[in-house]
Amino acid sequence: MNFKRIFLIVLDSLGVGEALDANEYNDTGCNTLKHVMDNYDLFIPNLEKLGFLNTLNMQDNKNVDAYYTIARPTNVGKDSLTSHYELMGVRSTRPFKLFNERAFPRELLEKIEDVTGKRVIGNKVVNGEQIINELGERHLSYGSLIIYTSNDSTLQVAAHEDVIPIPRLYQYCEKIRKITLADEYKVARVIARPFTGKPGRFKFTQDRCDYAVKPPERSVLNSLKDNNYSVISIGKINDIFDGEGITKKVKSSNNNMDTITKLTDIMEKKFTGLCFVNLNDFDAIYGHNRDVVGYAKAIEELDVEIPMILNKLEQDDLLIITADHGNDPTFPGNSHTRENVPVIIFGRRFKEPKKLDILKTMADIGATIADNFGVSKPLIGESFLDKLK
């Protein structure tokens with residue numbers, strides 16, 4: 001075993017340029033990081049020292065503290081589930097259902113009303129904060145469920161905590177998840193979105209809960225768990241994999257800074273295995289809302305935390321920083337964009353970190369993790385462990 005602990009951080013949606021098949025997704029020209037930089041004077045010296053900016057053009061830079069490259073997406077679709085699946089060596093050849101043109105069909109809404117006993121309002125393709133402020137007062141009056149979707153494969157259910165207590169909202173979403181396992185309705189995630197506040201000032205709480213589906217294949221996470229290694233998830237990782245292969249889940253408040261605090265707490269613990277982290281603000285708060293300045297400031301906030309993260313690494317630790325897809329805040333619409341992702345690999349023992357060859361699939365990351373711990377190789381992906389000197 002080369003490294004005792006591996007920390008994998010996913011910068012949710014921070015892509016670095018259009019993928020080879022971007023035209024198939026109408027995403028030609030997308031580049032999340034570049035377009036953020038084009039519109040904001042980004043100052044990220046710590047990430048820059050790790051080769052982060054070099055992933056935009058893949059130029060050689062030997063004056064870096066980490067190995068760097070990009071990875072190409074190969075799984076079908078550009079949602080969070082298929083991207084995280086690929087990172088852990090799981091193939092996904094069938095995209096999840098999208099309802100981003102006319103929202104959900106009437107027959108599905110009727111089934112939701114039948115199993116929950118609640119009327120449904122909304123049924124729009126919309127930003128969540130917008131719809132709870134539009135329909136929240138009506139919801140308070142009638143107790144109806146607010147149903148909406150984003151441009152991703154989601155069915156989101158919003159309810160005020162004073163009208164529908166959180167445990168009951170979770171129960172409703174579990175029932176809706178069962179309905180939406182049918183092929184004609186199979187969205188990637190059913191998401192419970194509790195909110196609080198008064199008309200004009202409604203706000204989502206931190207008690208969001210995602211109900212995903214089981215991965216179509218066993219992942220590297222399963223192999224690690226089967227061999228008694230720790231697999232610690234922070235943030236929405238546990239929800240994405242529906243708990244498969246996870247030995248310990250750490251909830252965060254869906255806030256990057258809180259998630260980083262939870263990460264640094266775990267870094268002080270003794271364990272052998274993988275800690276898998278998702279920083280969701282880039283995507284959920286800034287990418288989908290097309291907030292370029294907010295996105296840029298979130299990257300700068302991360303940069304400030306990088307020295308602390310690096311300082312907590314031990315000699316036999318490995319840090320991998322990557323992304324799952326893009327969400328270019330300058331692009332039309334508000335959906336994910338089909339992009340390559342950055343891959344930064346840092347370890348204290350590295351002698352001459354440099355640029356690596358482009359990874360043909362994001363699954364190479366999972367294959368490398370499996371190789372390090374000597375567990376079963378995933379069905380897709382090739383290890384680059386021997387390239388790390």
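Tabulated data
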| quantity | calculated |
| --- | --- |
| Condition met for Glu86 (closer than 29 Å to Ser376 by Cβ, out of contact with any Ser or Thr (no Cβ under 6 Å at 6 or more places or on another chain) and acidic (Asp, Glu)) | yes |
| Check on Glu86, of a type in the set (Asp, Glu) and under 26 Å from Ile365 (Cβ atoms) | yes |
| Filtered residues of segment 319-334 (kept if surrounded by 24 or more Cβ atoms within 10 Å (Cβ to Cβ) and either out of contact with any helix residue (DSSP H, G or I) (no Cβ under 8 Å at 6 or more places or on another chain) or assigned to a loop (DSSP other than H, G, I, E, B) (or both)) | Ile321, Ala323, Asp324, His325, Asn327, Asp328, Pro329 |
| Counted residues, segment 107-133 - those being more than 14 Å from Phe204 (Cβ to Cβ) and either among the hydrophobic types (A, V, I, L, M, F, W, C) or without any contact (Cβ under 8 Å) to a residue 40 or more places away in the chain (or both) | 16 |
| Test result for Asp239, buried (at least 20 other Cβ atoms within 10 Å of the Cβ), part of a helix (DSSP H, G or I) and modelled with pLDDT under 95 | yes |
| Segment 12-43, residues that are hydrophobic (A, V, I, L, M, F, W, C) and in contact with a Pro (Cβ under 8 Å, 6 or more places away or on another chain) | Leu14, Val16, Ala19, Leu33, Val36 |
| Residues being under 17 Å from Ile164 (Cβ atoms), in contact (Cβ under 8 Å) with a residue 60 or more places away in the chain and assigned to a strand (DSSP E or B) - total across segment 175-202 | 2 |
| Some residue of segment 207-219 being of a type in the set (Ser, Thr, Tyr), assigned to a helix (DSSP H, G or I) and surrounded by 16 or more Cβ atoms within 10 Å (Cβ to Cβ) | no |
| Within segment 301-317, tally of residues that are among the hydrophobic types (A, V, I, L, M, F, W, C) and not in a helix (DSSP H, G or I) | 1 |
| Unique match (being outside the structural domain of Gln156 (by TED's automatic domain parsing), buried (at least 23 other Cβ atoms within 10 Å of the Cβ) and in contact (Cβ under 8 Å) with a residue 40 or more places away in the chain) among Ile70, Ile44 | Ile70 |
| Boolean, Phe104 is of a type in the set (Phe, Trp, Tyr), surrounded by fewer than 20 Cβ atoms within 10 Å (Cβ to Cβ) and either free of Cβ contacts under 8 Å to residues at least 24 places away in the same chain or farther than 20 Å from Asp239 by Cβ (or both) | no |
| Leading residue by the ranking (nearest to Ser83 (Cα to Cα)) among those in segment 253-289 that are surrounded by 18 or more Cβ atoms within 10 Å (Cβ to Cβ) and of a type in the set (Phe, Trp, Tyr) | Phe276 |
| Ser376 outside any helix (DSSP H, G or I), farther than 12 Å from Asn2 by Cβ, polar (S, T, N, Q) and over 24 Å from the mean Cα position of the chain (by Cα) | yes |
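For (1) assigned to a loop (DSSP other than H, G, I, E, B); (2) farther than 23 Å from Gly326 by Cβ; (3) acidic (Asp, Glu); (4) out of contact with any Cys (no Cβ under 8 Å at 6 or more places or on another chain), each residue gets a yes or a no:
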{"position": "Gly243", "(1), (2), (3), (4)": "yes, yes, no, yes"}
{"position": "Ile246", "(1), (2), (3), (4)": "yes, yes, no, yes"}
{"position": "Ser253", "(1), (2), (3), (4)": "yes, yes, no, yes"}
{"position": "Asp258", "(1), (2), (3), (4)": "no, yes, yes, yes"}
{"position": "Thr261", "(1), (2), (3), (4)": "no, yes, no, yes"}
{"position": "Lys269", "(1), (2), (3), (4)": "yes, yes, no, yes"}
{"position": "Tyr295", "(1), (2), (3), (4)": "no, no, no, yes"}
{"position": "Ile299", "(1), (2), (3), (4)": "no, no, no, yes"}
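The values are calculated or read from the model by the stated rules, or taken from the named source; none is laboratory data. Note that the structure is predicted; figures quoted are calculated from it, not measured. All Cβ positions, glycine included, derive from the backbone under ideal geometry; neighbour counts span all protein chains shown.
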